[in-house]
There are 2 protein chains.
Amino acid sequence: MSDLRKDPTRGHWVLVRPAGEAPPASGDCPFCPGSESRTPPEIVAYRKDGSAPDGPGWSVRVVPEIDPYFSVEREVGRVGVGLYDKVPPRGATELIIEGPEHDLTPARMDEARWEQVLWMYRDRLRDLKKDPAIRDILITRRYKKPGSRITHPYSRVVAVPVIFDDVRRQLIQCREYYEYKRRCVFCDIIRQEVADEERVIRLTPHFVALVPYAARSPYEAWILPRQHACAFEQALTPDAAADLAALLRGHFRTLASLPGDPSFEMVLYTAPNQAAKLLPGEWSSIAEDFHWHLEITPSPDRLSQIGGIHVNDLPPEEAARRLREAWA
Amino acid sequence: MSDLRKDPTRGHWVLVRPAGEAPPASGDCPFCPGSESRTPPEIVAYRKDGSAPDGPGWSVRVVPEIDPYFSVEREVGRVGVGLYDKVPPRGATELIIEGPEHDLTPARMDEARWEQVLWMYRDRLRDLKKDPAIRDILITRRYKKPGSRITHPYSRVVAVPVIFDDVRRQLIQCREYYEYKRRCVFCDIIRQEVADEERVIRLTPHFVALVPYAARSPYEAWILPRQHACAFEQALTPDAAADLAALLRGHFRTLASLPGDPSFEMVLYTAPNQAAKLLPGEWSSIAEDFHWHLEITPSPDRLSQIGGIHVNDLPPEEAARRLREAWA
């Protein structure tokens, strides 16, 4: 039984989720064409030849994650546990399989492929935001050197019934800046960085790729749309998609050429679901003060948090019991 | 040249600090008795026999860290960089060498030793808080399995000119709770957990050790003083110190008995420096709403952040330059 638990001293959320069964080891990849029956039924796919769902013929295919962190079947609603808060992990965890080729990497994906992936990001965001129980969605793309369990290229969509901790911090900070300046902080950053040039990696008609002023790790990079918009899924145009695809291709090729071919994680930050019930005044100025963008950071090998939501596979009650017993 | 830089979109601080020279490798430990000349001059030591500073005869010895993250020589003052903020990393980084024995581990330190270490924590906090340029101090104790560079047991004191991001989040959350309830959230947690028992590891006259409701990782544990106080260095009494020493000894022996003898980090959270200039009303209710405590969490092997301040050893300008050059 999973719980989404709120820590009352820091305000962060933790997904407490007892470790599930590991999927059986298998020599062949469940994401390759011909193995469609080994995933849950597909949610949607781009198929150019009118091929049937759950068979070959797709170029991008979306499936629910097996043993998902969040899923739609669960009930909605906050529950108090004494002074604590918990929420059932209602939401969705989907995998966007980026192509039929098993060994494709972000550095070798061509622009047409990236464009398709970006349109699928848009489609999934639009569809999931129809559910008012979903408050926030992040799309992440991890790259690990060959050797990890599944190397077939995919992005992960995680839709949750709370605001991601990391997003909430941005929203609060952006709103404070906006209330003081009446300008979007990201727009001001773009203006300053483009003029300054020192931290700019690449400037294109629609985007700027830069290393942020307070980068948390070497080679952290942000891709910011030069035109203000709070939501990726509303703002993507064919021109912008082509421009972004070329930028992603170039950036990932660059990363792959760095010493050690570093692992990384790309996160798409877009506005929370404005169709969800919000607290009064909660994000009233979100359209003006938030600015969708991508962040690409070197990533640890083990997934222990998503957007600031920590994932803990040992329930605290069980940990305490084991520690009490081990004390003697 | 190090900078402490603030990210305007999340509000976090990053210490940008070009990688220093690694200390020369050496077969013998600079923290062992007889090697005192290999550290910077000691700040203070407990010496029972009146032995001279920087020679043997000590039981606990405090030295500045070589190549410190923060140091007192630097100038004070915030500087704007366009819309960004930076602060010189004025402060202190000190190592509390916990005993002359090279191979001592937290699991094998006896209660008398822990008591001495706790009193030294208090002494350093009291002394450093005399400097109004220091706003916040964390003391951390990392344990790694044998094989890391320096195994001699020590704690690290990090005093900084800003509020640690992790502490700031606690202060904000605690104040919100207090403003609503007129009670300390930690006091309420203690009351609920002691009654509930399920997550309690150990209850002593002065403390409760528990696994927090929203533990971020397996075996995360908090040690909370049952008597409300915001600052460790004001609250420590001989009775409490003896009680806490016994609790730490038992807990670390328990951790060492877990499968794999896990690495961990202990952090002492105490109120920020109330002698520092605070913004009006900033932490006006801190004595009522903050509650000092210890948190013990499994730790990653590489130190990349302290109290939420990330440490980045590649300046963003240099990273951008390298990425621009590698783009082609």
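Taking the Cα centre as origin and putting +1 on Lys and Arg beta-carbons and -1 on Asp and Glu beta-carbons, what dipole magnitude results for chain A, to the nearest 20 debye?
For chain A, the charge dipole is close to 500 debye.
With springs only between Cα atoms under 10 Å apart, run a GNM on chain A and tell me which of A:166, A:54, A:196 wobbles the most.
Evaluated over chain A, the most mobile residue of the options is A:196.
Given charges of +1 on the Cβ of Lys and Arg and -1 on the Cβ of Asp and Glu, with all other atoms neutral, how large is the dipole of the protein assembly as shown about its Cα centre, in debye to the nearest 20?
Result for the protein assembly as shown is approximately 620 debye, rounded to the nearest 20.
Rank these for me by crowding, B:46, B:69, going from fewest to most other beta carbons within 10 Å.
Listing B:46, B:69 from fewest to most nearby Cβ atoms yields B:46, B:69.
What list do you get for B:102, A:12 if you sort them by fewest beta carbons within 10 Å?
Going from least to most buried by this count: B:102, A:12.
When chain A is modelled as a GNM with alpha-carbon springs shorter than 10 Å, which of A:225, A:259, A:132 fluctuates the most?
Largest GNM mean-square fluctuation: A:259.
Ranking A:284, A:35 by Cβ neighbours within 10 Å, fewest first, what do you get?
So the residues, fewest neighbours to most, are A:284, A:35.
Normalising by the residue count of chain B, find the relative contact order in percent from Cα pairs under 8 Å and 6+ residues apart.
Computed value for chain B: 20 percent relative contact order.
Just going by the charge dipole of the protein assembly as shown, with Lys and Arg at +1 and Asp and Glu at -1 on Cβ, which of A:241, B:151, B:177 is farthest out on the positive end?
Final value for the positive-end residue is B:177.
Cα extents of the protein assembly as shown along the three principal axes, largest first, in whole Å?
87, 53, 52
For the range B:78-100 and the range A:107-171, what is the separation of their C-alpha centers, rounded to whole Å?
When both Cα centres are located, 36 Å separates them.
What's the longest uninterrupted piece of chain B once you rule out the GluC sites (Glu not before Pro) that are loop residues per DSSP with at most 15 other Cβ within 10 Å?
Longest site-free region, per DSSP loop and neighbour criteria: B:102-196.
For the range B:308-321, what does the Karplus curve 6.51 cos²θ - 1.76 cosθ + 1.60, with θ = phi - 60°, yield as ³J(HN,Hα) per residue in whole Hz, taken in order and with x for Gly and Pro?
Once θ is set to phi - 60°, the couplings for the range B:308-321 become x, 7, 6, 10, 10, 9, 10, x, x, 5, 5, 4, 4, 4 Hz.
One decimal, nm, shortest first: give the distances between the label point of residue B:77 and those of the same position in the other copies, each label point 7 Å from Cα along Cα→Cβ.
6.0
Once the label point is set 7 Å along the Cα-to-beta-carbon vector, what list of distances in nm do you get between residue A:52 and its counterparts in the other copies?
9.2
Taking just the C-alpha trace of chain B, give me its Rg and Dmax in Å.
Gyration radius and largest Cα-Cα distance of chain B: 20.4, 66 Å.
Nm distances between the label at residue A:227 and the same-position labels in the remaining copies, 7 Å along Cα→Cβ, shortest first?
6.5
Among A:71, A:263, A:51, which one shows the biggest mean-square fluctuation in a GNM of chain A, springs joining Cα atoms closer than 10 Å?
A:51
Looking at chain B, identify the longest residue range that excludes and avoids all trypsin sites (Lys or Arg not before Pro) in DSSP loops having at most 13 other Cβ atoms within 10 Å.
In short, B:183-276.
No value in this document is a laboratory result; all are computed from the given coordinates. What you see is a predicted model, and the numbers here were worked out from it, not measured in a lab. Heads up, the Cβs are rebuilt from the backbone with ideal geometry, glycines too, and the neighbour counts pull from every protein chain shown.
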